[in-house]
Amino acid sequence: MNAYRSIKFLTFILCIAFPLFPFLFNGAPYIGDAWIHLKIAEETLASSHYQLIDYNEKWPLINFLLIFIMAVTSLKPILTSQIIPFLAGLTILPLYAFCRRLKLSEDSSIAAILFLTFNPLYSYVTFAGAVMKETAAYYLISSMLLAIALNNLKKALVLLIGLGIVLGHHFGALTILIFFSILAFYAILYKLKGKELSLKNVLIMALGFTIVFSIWNINNYLALRQVFSFIKAEDLALLPALIILSAYSLYSDKGLFSARKPWLAALAFLISVLGLRGGVYALLQPTPPITIWEVRNYALAGALSLIGLAYALKNVYLKAYASASISLTLFAFLYGLTPIGFTLLIKSLHYFGLLLALGAGFFIQKLLKQKLLGKISALSLILFIIYASSFGTALALNGLGAYRAGEVQAVFATKRFIEGLKAYGDTRASYLLPYASNISIQGLKPLKSEKSFFILFKPNWEQGFLIGYDWIPKNSIITDEELIKWNKLWDSLYLKIYG
Amino acid sequence: MGFSLLKNLRLTQFMLAAAARGEFKLTQSILATALFVSLLIVLTVSSQAYLSQLPILEEIAIKPALIASKEPLKGIAIKISYIKLNSNFILILASSNLTAFLKLNQANIDGKLPSFGEALLGVKLKPLIENSTFTLKGLNLKVSGFINSPEHLSSAVILADSTFEKLNFSYECFYLKEEGDFQAFAQAPSSLSLIKAVASEILKMVSSIAWVLRSALTLICLMQAYSIAKESRKTLKMLLALNASKINLTLSLTILALLISGIAVALGYAIGLTGLALSSSALSIFYGLPYIKPLASYALIKELIFALTASFLALTILFANEVLKL
């Protein structure tokens, strides 16, 4: 029995620590946004003045967290960045408690948090391990679900968490705004039906959140119109259509289109697979074509979570959350097969992933009721899910989004040589270099050797270049023959500089 | 009046609760109405969305507004060359009469015409500029401005004749002229006229189908309203027996009619737009057709208002009729 409890405890530790994996594996923060936020935090500490001007300053939660940790600890900035993945790892605690409130057993709730952490649909670690605005607000999303579902609901607590989400990230806040809108709609219908749901509380919370959301985001949107120029009238027309359809389809508990048969969730899952691995987006990515084994993994993960959802979606809070996350996933796909559409799809999957995890918890609950065979099947499924997700995790850890300690050290070592000079490099360099050596990167084309530098990190000569979300093969930018014409100024295991 | 209003509100709440409990069997009626609304929405939005792509077809089709010839015409001589940059071909154009050339192309430019050592760039070439200069064959050219439109010049570099000569490009010379009395170039039938004629015919057909759908929607609204009114008879009788006045009942039913119509139309809108976007997306992925996102237009709003009005009036009239019969 003690051994069993120890395994459960270790599972929690593993799930909390898993987002730290990219840092533990590579010795540097995951994805380029980390350098922007670290720079903002360091500059704010130095000047004691926070500005709300740029896109990465307008949703300040992550910057505030970094500033706070830097101010109260004497840790190196790169280490302090790991507070963000750590907090993302804590997402599983409110999620576990929420599962328990939905009357899932301890084991099924653990299955849910394991599914979230080892989601085979998309690599969870690329999100939870990243130091970015959205990750900093993720634990607040699951905390919000828990706070709403509590018996002795505290409106002030809900609004405080809501404020954190609004200050955290616009997409996360939009998810919660849609969740509240649908919940308010359901609450009105439940009230009319005479079912138990505190309409007054829901309406107060929905209204409060909407006001905070609108003030902060409309203000930011107006200031950053150029950044959000991709939002068009047709998108504003399509999103409500998807919200209405999704909310309506999950409202009823009986019939062909009901919470017991969540077709739209299945559709969202299918299009997610198509979007991630179907090669339908106008993007170049260094990933091989989908294999039959991957299809098997997706099919199993889909069946597990979607069948579970058919049991899970009795709870009104879950129905509202499901409607919000499904409609956003569908919207992301229907936005268009462009790089922005792909970004939206990835963002929506963070929230859809939470829903799928809850579905998986319910499915495991059903299996565990089947005595020994059910228990063996449940354990096998969980182990299989962890195995299936490992491929995506491995790709992410070695991918173009990951930085290595060696790269960071090399950039700091070359700082005094290249500071203030013109340099060429890809997206990875354009994030790290301005942080480490205060130089700006000119992009990649046209490369000119005259009084300029060309920066190549290890993944550049091994895998190619990252330009925005596009992967470009190395030879498309520069061939070895062309490179020979440049002088090699720095040559280390992780960094090469030509000039 | 205040008391009556409060009484009416309570009555409305009672009616809404009865409807939510399923006493009026609204689900089927709402779905039927929503289905017809969605068909109307699909027709309107898809035709509008495809029509919005018409200018592209016009651009693709040979539009004899501009004539280019290798034979000397009474037009502007233009030197054309190209370079390959970042896997893309970039047009290099030069002429002794750039003003006329840009006018012929109906170009919209920011900045001024290039003189010696300067370049006028298509707007898509902006990322290649460094310190307000653009490098061509090793020569740093000062950027004099940008060409915002038309599309075919968005990746072009326009130079003065003298700059072009200094760069020593190999080139071909073409003569450009506005469409006019040039007899050698003619289309029968003209692509542009053909596209416009086909679009006009399609619009006429769409308009006829839309009228059929609107009539069908009105009929469905009446049928569903009749069915709902019939289902509500028992509840209405009970309320009358409880001393509810007929005026109050009618007012409450009017509010109910507005809500039912609102839900049916909103659902129709949702089904229509989602269905259209999903099918267009599927066609785009599996058959390579362009993805046409449903267009938000006044035509869409007009159809929604029509559907809401038809449903609301049908329900209100038949509810009122039911109350009068009691």
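The values are calculated or read from the model by the stated rules, or taken from the named source; none is laboratory data. Fair warning: this is a prediction, and the values are worked out from it, not measured in the lab. Every residue, glycine as well, gets a Cβ built from its backbone with ideal geometry; the counts of neighbours run over all protein chains shown. Each accessible area value is taken on the protein alone, full model and side chains, heavy atoms only, with ligands, DNA and RNA left out. Shrake-Rupley method; radii C 1.70, N 1.55, O 1.52, S 1.80 Å.
Under a plain spin-label model, where a point goes 7 Å from the Cα along Cα-to-Cβ, how far apart in nm are B:K142 and A:F64?
Taking the two extended label points, one gets 5.0 nm.
Give me the net charge of A:L400's neighbourhood, meaning all other residues with Cβ under 15 Å from the Cβ of A:L400; Lys, Arg count +1, Asp, Glu -1.
The answer is -1.
To the nearest 100 Å², how much accessible surface do chains A and B hide from each other in total, with a 1.4 Å probe?
So the total buried area for this chain pair works out to about 2600 Å².
Report the antiparallel proportion of the DSSP beta bridges in the protein assembly as shown as a percent, rounded to a multiple of 5.
Around 75 percent of the beta bridges assigned by DSSP in the protein assembly as shown are antiparallel ones.
Could you pull out the longest piece of chain A with no exposed loop GluC sites (Glu not before Pro) in it, calling a site exposed if DSSP puts it outside H, G, I, E, B and it has at most 15 other Cβ atoms within 10 Å?
Longest gap between qualifying sites, sites excluded: A:197-418.
Rounded to the nearest 500, what is the 222 nm mean residue ellipticity of chain A from helices alone, with -39500 (n - 2.57) per DSSP H run of 4+ residues and division by all residues?
-21500 deg cm²/dmol
Residues of segment A:240-256 that become at least 10 Å² less accessible with every protein chain present than in their own chain isolated, using 1.4 Å: which are they?
Relative to the lone chain, where solvent access is computed with a 1.4 Å probe, segment A:240-256 loses at least 10 Å² at A:A241, A:L242, A:I244, A:L245, A:Y248.
For segment A:2-104, report the translational diffusion coefficient in µm²/s to the nearest whole number, using Stokes-Einstein at 4 °C, 1.567 mPa s, and a Kirkwood Rh over Cα pairs.
84
With the crude spin-label approximation of a point 7 Å out along Cα→Cβ, what separation in nm comes out for B:S162 versus A:S198?
A separation of 8.1 nm, rounded to one decimal place.
So, with +1 on the Cβ of K and R and -1 on the Cβ of D and E, and no other charges, what is the size of the charge dipole of chain A about its Cα centre, to the nearest 20 debye?
That gives chain A a dipole magnitude of about 1500 debye.
Compute the convex hull volume of the Cα atoms of segment A:405-498, divide it by the residue count, and report the result per residue in Å³ as a whole number.
Once divided by residue count, the hull of segment A:405-498 is 90 Å³.
Using DSSP to call loops (not H, G, I, E or B), can you name the trypsin sites (Lys or Arg not before Pro) in segment A:80-127 whose Cβ has at most 15 other Cβ atoms within 10 angstrom?
Those satisfying the criteria are A:K103.
Over all Cα pairs of chain A, how is the pair count split among 10 Å bins, expressed in % and running from 0 up to the last occupied bin?
Histogramming chain A at 10 Å steps yields 4, 18, 29, 26, 15, 6, 2, 0 percent.
Can you list the residues of segment B:264-299 whose accessible area drops by at least 40 Å² going from the chain on its own to the full set of protein chains, with a 1.4 Å probe?
Checking the loss per residue gives B:L267, B:Y269, B:A270, B:T274, B:L278, B:I285, B:Y291, B:K293, B:A296.
Quick one: of A:K254/B:K302; A:K191/A:K261; A:K314/B:K25; A:K133/B:K124; A:K319/A:K369, which pairs are farther than 27 Å apart, Cα to Cα?
A:K254/B:K302; A:K133/B:K124
Could you state the accessible area per residue of chain A in Å², with a 1.4 Å probe and every protein chain left in place?
42
Take the alpha carbon atoms of segment A:386-430, find their radius of gyration, then divide it by 2.2 N^0.38 Å using N residues; give the quotient.
Against the compact-globule rule of thumb, the ratio is 1.61.
Which residues, if any, in segment A:323-347 have at least 50 Å² less accessible area in the whole protein complex than in the isolated chain, probe 1.4 Å?
Those residues are A:L334.
How much accessible surface area, in Å² rounded to 10, belongs to the heavy atoms of A:L140 with a 1.4 Å probe?
For A:L140, solvent-accessible area is about 20 Å².
Any of A:K193/A:K232; A:K347/B:K126; A:K193/B:K246; B:K79/B:K126; A:K154/B:K7 with alpha carbons more than 27 Å apart? Name them for me.
A:K193/A:K232; A:K347/B:K126; A:K154/B:K7
Compute the length gained on full extension between B:L313 and B:Q106: take 0.36 nm times their separation in residues and subtract their Cα-Cα distance, giving the result in nm to one decimal.
Working it through step by step, the gained length comes to 69.4 nm.
In the protein assembly as shown, what percent of the accessible surface is made up of carbon and sulfur (1.4 Å probe, ligands and nucleic acids excluded)?
Ligands and nucleic acids excluded, carbon and sulfur reach 65 percent.
In 10 Å bins starting at zero, report the fraction of Cα pairs in chain B per bin as a rounded %.
5, 18, 17, 14, 13, 10, 9, 8, 4, 0
Residues with beta-carbon under 14 Å from that of B:T274, excluding B:T274: net charge, scoring Lys, Arg +1 and Asp, Glu -1?
Charge balance near B:T274 sits at -1.
Work from the charge dipole of the protein assembly as shown (Cβ charges, +1 for Lys and Arg, -1 for Asp and Glu, about the Cα centre) and give the residue of A:T393, A:S143, A:L495 farthest towards its positive end.
In the protein assembly as shown, that residue is A:S143.
Keeping every protein chain present and rolling a 1.4 Å probe, give me the accessible area per residue for chain B in Å².
54
For A:N438 and A:L493, compute 0.36 nm times the residue count separating them, minus their Cα-Cα distance, and round to one decimal in nm.
Using 0.36 nm per residue and subtracting the Cα-Cα distance, I get 17.5 nm.
What nm distance separates the two modelled labels at A:I211 and A:E419, each placed 7 Å from Cα along Cα→Cβ?
5.0
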